[in-house]
1. Select, from 403, 378, the only residue that is assigned by TED's automatic domain parsing to the domain that holds residue 38, farther than 16 Å from residue 329 by Cα and free of Cβ contacts under 8 Å to residues at least 60 places away in the same chain.
2. Exactly one of (1) closer than 24 Å to residue 32 by Cα; (2) free of Cβ contacts under 8 Å to residues at least 40 places away in the same chain is unmet by residue 372. Its number?
3. Please determine, by comparing only the residues of segment 133-148 that are more than 15 Å from the ligand (Cβ to nearest atom) and under 17 Å from residue 166 (Cα atoms), which one is surrounded by the most Cβ atoms within 10 Å (Cβ to Cβ).
4. If you go through segment 211-230 one residue at a time, how many are more than 16 Å from the ligand (Cβ to nearest atom) and in contact with a strand residue (DSSP E or B) (Cβ under 9 Å, 6 or more places away or on another chain)?
5. Go through segment 408-464 and report how many residues are in a helix (DSSP H, G or I) and in contact with a helix residue (DSSP H, G or I) (Cβ under 9 Å, 6 or more places away or on another chain).
6. Just to be sure before I move on: is residue 12 in contact with a helix residue (DSSP H, G or I) (Cβ under 8 Å, 6 or more places away or on another chain), surrounded by 11 or more Cβ atoms within 10 Å (Cβ to Cβ) and in a loop (DSSP other than H, G, I, E, B) in the structure I sent?
7. Given (1) out of contact with any strand residue (DSSP E or B) (no Cβ under 8 Å at 6 or more places or on another chain); (2) modelled with pLDDT under 95; (3) within 16 Å of the ligand (Cβ to nearest atom), where does residue 130 come up short, assuming only one miss?
Ligand SMILES: *Cc1c(COP(=O)(O)O)cnc(C)c1O
């Protein structure tokens, strides 16, 4: 499927490199020792032992000279920092919400909105779960219900908007529990856990209408909404000539508020915010943020961090920036597809997802095939990736049973403006080399499991 307009020149980075950070290659013996030490969990590796780091695109992007200059303009007053007002102004202008509460990162905003809107026994539908989002809903006494379309769970489906909400599933949740038990629906754009898959504008509009008919709020997870806007531009009729900025603004108009991790779209190393239309919710968020993050005009951030994020908002919505960002992801995906490596399709906005079930068909899901695949990519050539499968899915809070997600994936996440095309060539070559000797690789057993978000700290050992 064509996802970028190809009739003109290909994309190229709309920047040049002013400063470099050396990276280190290691021997296979060193990498084996490092992964053993890390309990076969790539989260527990030391970054100095990693060659190409595709663990996440969260907080790992390169800031521009303009953002760095903004760091020097930090107004570190305890309250009423000028940087807060710059941030507020840009959120209002580009996202369209009147009220903004800064938070240290996305989960800070998720915590606030969950605590404010969810009562014990409530049900919160969403287009597939995200780890921290669902956990905060559960900690507030809510139960998450997945209402994404079935295609999202099929890594081979070529549906152009696999992030769409299935309106019939949403209706069933309303019928079953009653609208009073549903404080809001979370709409993710793009849907990280489905492979960075977008939701269409038409679907966002329909969800908003249906929710409002029943008095249910829509809370947008806007973390990757700019990437989603690009897909609307190139895949959804009627938006080809619209700017990404105008598409983003329209997307947000179909929601009552948004949680945001600035560490993704907004090109900063730390930061986030909760944005909202409702004055009452804002007042509560503003008083609660004081307890958990800091004063409502800094929310756990330094003034300089808010300034970098305010400037990042403007850079993120430039069409040539987002075209190059997604162009780079597609470039890696195409290299792998040409070699028949099983990946999630269509190629999403921020990462290539290897399908571990097809990569390691001989490893059953309860022997953590994706976890092992991530470990092997590191052993093979120092490439760090992340498991997004049964380990990330965790356990049902009530029954203690493992969730068995349909998708058992390894995420190769591309930080923005960080790696070159040659780095991506190396990544593709490494994956292909591993694929060629995949039969002999065993599964894993979990030898340590933490209580929350186990994928961050769990430890494993190979089964022989
Ligand atoms: C990263 C992420 C979050 C959480 O944000 P943090 O800044 O990591 O706390 C929420 N939703 C999505 C879609 C994300 O990618």
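1. 403
2. The failed condition is (2).
3. Of everything passing the filter in segment 133-148, 147 is surrounded by the most Cβ atoms within 10 Å (Cβ to Cβ).
4. Within segment 211-230, the subset more than 16 Å from the ligand (Cβ to nearest atom) is 211-217.
Keeping just the survivors that are in contact with a strand residue (DSSP E or B) (Cβ under 9 Å, 6 or more places away or on another chain) gives 211-212, 216-217.
Within segment 211-230, residues that are more than 16 Å from the ligand (Cβ to nearest atom) and in contact with a strand residue (DSSP E or B) (Cβ under 9 Å, 6 or more places away or on another chain) number 4.
5. Of the residues in segment 408-464, 16 are in a helix (DSSP H, G or I) and in contact with a helix residue (DSSP H, G or I) (Cβ under 9 Å, 6 or more places away or on another chain).
6. yes
7. Among (1) out of contact with any strand residue (DSSP E or B) (no Cβ under 8 Å at 6 or more places or on another chain); (2) modelled with pLDDT under 95; (3) within 16 Å of the ligand (Cβ to nearest atom), the lone unmet condition for residue 130 is (1).
For every residue, the table says whether it meets (1) more than 26 Å from residue 111 (Cβ to Cβ); (2) part of a helix (DSSP H, G or I); (3) touching a residue at least 40 places away in the same chain (Cβ under 8 Å).
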{"position": "202", "(1), (2), (3)": "yes, yes, no"}
{"position": "226", "(1), (2), (3)": "no, yes, yes"}
{"position": "230", "(1), (2), (3)": "yes, yes, yes"}
{"position": "237", "(1), (2), (3)": "yes, no, no"}
{"position": "245", "(1), (2), (3)": "yes, yes, yes"}
{"position": "263", "(1), (2), (3)": "no, no, yes"}
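The values are calculated or read from the model by the stated rules, or taken from the named source; none is laboratory data. Computed from a predicted model, the values in this text were never measured in an experiment. Virtual Cβ from ideal backbone geometry, glycine too; neighbours counted across all protein chains shown.
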